[in-house]
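Heads up, the thing below is written out as structure tokens.
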Amino acid sequence: MVNHKQVGVWNLYDILRGVQNKKDLETALQTINLFYNFGVKLKHHELSTRLLAASMQAPDEEEASELIRLYGTWLEHPPDASVVYAVMSHFLDNGKPMMVRAIAQQLREDWRFVLEAPLYNLSLQAMLMLPEDGLDEALVLFQDAMHMGVRLPP
């Protein structure tokens, strides 16, 4: 039996700190699910950030992108923008521009994320990597940044 007065988010952080592979991540996610089901409060503002970092440490890229996309369905706070940008950079460096695009699209539609230059810079780089229509996609992103008042570096 789980006593929500004796266990909490700090115990989850201990588990997430030990994640080194996909099996560890799966165990951590099952533990989080148990905590959630038994009413343990998962409202700490760092939980989604630490979970995202653990997903990349595992490494489980699919889980990381899914967490960015779906965190709002079960976690109160979004992952820290700098960690999300690091994930986007990882996908960009590994030649996965469509993953960068999908993450950027999700962030663009999420009112909890502040639209910043790094989001658009990474997205523009990804669009320019596309084999077809990359320049057109980049131009649409550039215009969106201007429309949203995001100043991009030269």
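Output the residue which, of all residues in region 9-43 that are among the polar types (S, T, N, Q) and under 17 Å from Y71 (Cα atoms), is farthest from the chain's Cα centre (by Cα). Write out each step before concluding.
If we filter region 9-43 for residues that are among the polar types (S, T, N, Q), which is where we start, we get 11, 20-21, 27, 30-31, 33, 37.
Filter once more, so that each one left must be under 17 Å from Y71 (Cα atoms): 30-31, 33, 37.
Numbers: Q30: 19, T31: 20, N33: 18, N37: 23 Å.
Result: N37.
Return the total of residues in region 9-56 being outside any helix (DSSP H, G or I), among the small types (G, A, S) and surrounded by 15 or more Cβ atoms within 10 Å (Cβ to Cβ).
Going residue by residue through region 9-56, those that are outside any helix (DSSP H, G or I) are 18-21, 38-46.
Filter once more, so that each one left must be among the small types (G, A, S): 18, 39.
Within this subset, residues satisfying the condition of being surrounded by 15 or more Cβ atoms within 10 Å (Cβ to Cβ) are none.
Summing the residues that are outside any helix (DSSP H, G or I), among the small types (G, A, S) and surrounded by 15 or more Cβ atoms within 10 Å (Cβ to Cβ) in region 9-56 gives 0.
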### Conditions (1) out of contact with any Phe, Trp or Tyr (no Cβ under 8 Å at 6 or more places or on another chain); (2) in contact (Cβ under 8 Å) with a residue 24 or more places away in the chain; (3) among the aromatic types (F, W, Y); number of the one not met by W10
(2)
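Coordinate-derived values only; no laboratory data. In this text, all values refer to a predicted model and were calculated from it rather than measured experimentally. Positions of Cβ are generated from backbone atoms using ideal geometry, with glycine treated the same way; all protein chains shown enter the neighbour counts.
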